[in-house]
Amino acid sequence: MSLRLFDTAARSLVDFEPLRPGKIGLYTCGPTVYNRVHIGNLRTFVWEDVMCRAFRSLGFDVTQVMNLTDIDDKTIRGAIAEGLPLRDFTDRHIATFFEDLKTLNVIPAAVYPRATDHVPEMVEIVKKLTERGHTYESDGSIWFRIASFPSYGKLSRVDLSSMKRGARVADDEYEKEDVRDFAVWKGAKEGEPESALWETELGKGRPGWHLECSAMSMKYLGETLDIHTGAVDNVFPHHENEVAQSEGATGKTFVRFWLHAEHLIVDGEKMAKSKGNFYTLPDVLARGFSPRAVRYLLLSVPYRQKLNFTFDALRGAVSALERLESLETRLGERAGAAGADGASEAFRGRVEEARRSVRAAWEDDLNSAASLGALFAFVKEANTALEGGQLDPADAAAARALLREVDGVLGVLAPAEDASLEAEVEAKIAARQDARKRRDFAASDAIRDELAARGILLEDTPQGVRWRRKS
Ligand SMILES: [Zn+2]
């Protein structure tokens, strides 16, 4: 089988081949750095990480570029509200964004360009667009004339009949379905801080949000990208406008494959601060869930389906992870046991079959649910074989290697050195519980102190004893 992806522009599954054999250039729209990202944003970013890892597992060399939108209406409003220069304001939110990515075990992109570091590249695109007759000036700003680009709407299939001739919109984001000429360069306005304005050949002002992504994607990945991704709400107007600007400036196809992730909803409803169902990653972790469980839940639903985030589903993720980890621990013990008497061909065949099924799932439009399904079918077989005492140590080692290999894409298991530490700590906790049952508090305190000396803190909760590393 070969890799098939659902291309938003084609509205269908399409065989994927990169422009250059074996190499994928991937642009993923990054966050607007004006607040802490919420778990809905993180669903998209985790999916993009899984995508990169899956492509690599299929043998591709991937270059991921993710921009940071550090100049737009929202960041300027935030900087003004806090009385900070724009860069100081956005630096803070960039730091927490990277913190969240790291917590969720996201492999960093090759480069995270900041819009404010690429204003000259944006000016160049506006100049090219002007040479080619796609812009006009009005109210001190430069506008993209949609009527000059006949294929406008080909990505989003937005209804062009709602287009009002010469109607313009200055906001970076505007009402869906409302097609308007949009600003590529915004002339300086009264009340805008100096830290958010640039003196350029186009006059004093700042770039439009859509232009930022056109400039940064083409700078790092060339004028034609293999894949461009984002969340579904980016399709229109953001990505449609990126196409118009990029193709208007270069005359070349901008993006060969468009992939978009569906929204995350909470308890079946749209997430909103007003509904009290709005969560950041620290909000969720504060309820005692591990980052790995959050990552598991976020990637467990195929990206083109809405993900319904509930705490029940998160508890489900916790137990799914426990099954994986418990199997891994026992496979590790079995693999290390003596008395090997040769691998069983039947079991090795099942390992290979599981490997093929997982691969086929990734090739089928990055189907994470099917990949987990294949993995858990194998977990069941391996458990049965272990419990029946039929698993040869070499087979156990092969099964464990498969788990680790699949996790190279999923990224949900504790790192191998942590796994053995975890088993050891769990054993100590059990011994401490026994001591407390015997009312041997000297012994239970000694175990607690021993762990504390190693930087491991125990916490007694109604759900049992939890442990964490001293930070
Ligand atoms: Zn973008």
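The values are calculated or read from the model by the stated rules, or taken from the named source; none is laboratory data. Just so it is clear, the model here is predicted, and its values are computed rather than measured. Glycine gets a Cβ as well: all are built from the backbone with ideal geometry, and neighbour counts include every protein chain shown. These area figures cover heavy atoms from the full protein model, side chains too; ligands, DNA and RNA do not enter into them. Shrake-Rupley method; radii C 1.70, N 1.55, O 1.52, S 1.80 Å.
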> Based on the Cβ-Cβ distance of Val14 and Asp61, what FRET efficiency does E = 1/(1 + (r/R0)^6) give at R0 = 35 Å, to the nearest 0.05?
Replying inline: 0.95
> Can you give the extra length, in nm with one decimal, that the chain gains between Arg77 and Gln433 once fully stretched, where that is 0.36 nm per residue apart less the Cα-Cα distance?
Replying inline: 122.8 nm
> So for region 273-413, Kirkwood radius off the Cα pairs, Stokes-Einstein at 20 °C and 1.002 mPa s: how many µm² s⁻¹?
Replying inline: 131
> By how many degrees, 0 to 90 and rounded to 10, does the Cα axis of helix 345-363 deviate from the longest principal axis of the chain?
Replying inline: 20
>> Rounded to two decimal places and with Rh computed the Kirkwood way over Cα pairs, what is Rg over Rh for region 417-469?
In response: 0.96
>> Could you report region 417-469's accessible area per residue, 1.4 Å probe, as an integer in Å²?
In response: 65
> What is the packing order of peptides 35-45, 325-335, taking the mean over residues of other C-beta atoms within 10 Å and listing the highest first?
Replying inline: 35-45, 325-335
>> What does the charge count around Lys128 come to, taking other residues whose C-beta lies under 13 Å from its C-beta (Lys +1, Arg +1, Asp -1, Glu -1)?
In response: -3
>> Computing the accessible area with a 1.4 Å probe over protein heavy atoms, can you report the carbon and sulfur percentage for the chain?
In response: 50
>> Given R₀ = 56 Å, what would the calculated FRET efficiency be for Glu422 paired with Lys164, taking r from the Cβ atoms and rounding to 0.05?
In response: 0.35
> Pairing the Cα long axis of helix 393-410 with the longest principal axis of the chain, what angle in degrees results, from 0 to 90 and rounded to the nearest 10?
Replying inline: 20
>> List residues of region 386-421, by number, whose backbone nitrogen lies under 13 Å from a label position 7 Å along Cα→C-beta of Thr329.
In response: 414, 418-421
>> Relative contact order of region 11-261, please, whole-number percent, based on alpha carbon pairs below 8 angstrom and at least 6 residues apart.
In response: 23
> Peptides 14-22, 208-216, 67-75, 425-433: what's the order by average Cβ count within 10 Å, highest mean first?
Replying inline: 208-216, 67-75, 425-433, 14-22
> Excluding same-chain residues fewer than 8 positions from Lys154, which aspartates and glutamates have a Cα within less than 13 Å of its Cα?
Replying inline: Asp7, Glu240, Glu242, Glu247
> Each label point is 7 Å from the Cα along the Cα-to-Cβ direction; what then is the distance between the points at Ser151 and Asn308, in nm?
Replying inline: 4.0
>> How much accessible area per residue does region 1-147 have, counting only protein heavy atoms and a probe of 1.4 Å, in square angstrom?
In response: 41
> Which value in Å does the Kirkwood hydrodynamic radius of the chain take, with 1/r averaged over all unlike C-alpha pairs and then inverted?
Replying inline: 24.9
> For region 1-80, what does the alpha-carbon gyration tensor say about shape, rounded, prolate or oblate, given a ≥ b ≥ c as the root eigenvalues, a/c under 1.5 as rounded, and a/b over b/c as prolate?
Replying inline: prolate
> Which whole-number percent gives the relative contact order of region 273-413, counting Cα pairs below 8 Å spaced six or more residues apart?
Replying inline: 34
> So if we plug the beta-carbon distance of Phe98 and Trp467 into 1/(1 + (r/R0)^6) with R0 = 22 Å, what FRET efficiency do we get, rounded to 0.05?
Replying inline: 0.25
> In the neighborhood of Thr384, defined by Cβ-to-Cβ distances under 14 Å, what is the net charge if each Lys or Arg adds +1 and each Asp or Glu adds -1?
Replying inline: +2
> Near Thr28, within a Cβ-to-Cβ distance under 10 Å, what is the net charge of the other residues, with Lys and Arg +1 and Asp and Glu -1?
Replying inline: -2
> Per residue, how much accessible area does region 273-413 show when a 1.4 Å probe rolls over the protein heavy atoms, in square angstrom?
Replying inline: 44
> For the chain, what proportion of DSSP beta bridges, expressed in % and rounded to the nearest 5, is antiparallel?
Replying inline: 55
> Does a label point 7 Å from the Cα of Asn277, set along Cα-to-beta-carbon, have any residues of region 307-332 with amide nitrogen under 12 Å, and which are they?
Replying inline: 307-311
> Let a ≥ b ≥ c be the square roots of the eigenvalues of the Cα gyration tensor of region 255-331; is it rounded (a/c under 1.5), or, if not, prolate (a/b larger than b/c) or oblate?
Replying inline: oblate
> If you average the sequence gap of Cα pairs under 8 Å that are 6 or more apart and divide by the length of the chain, what percent do you get for the contact order?
Replying inline: 16
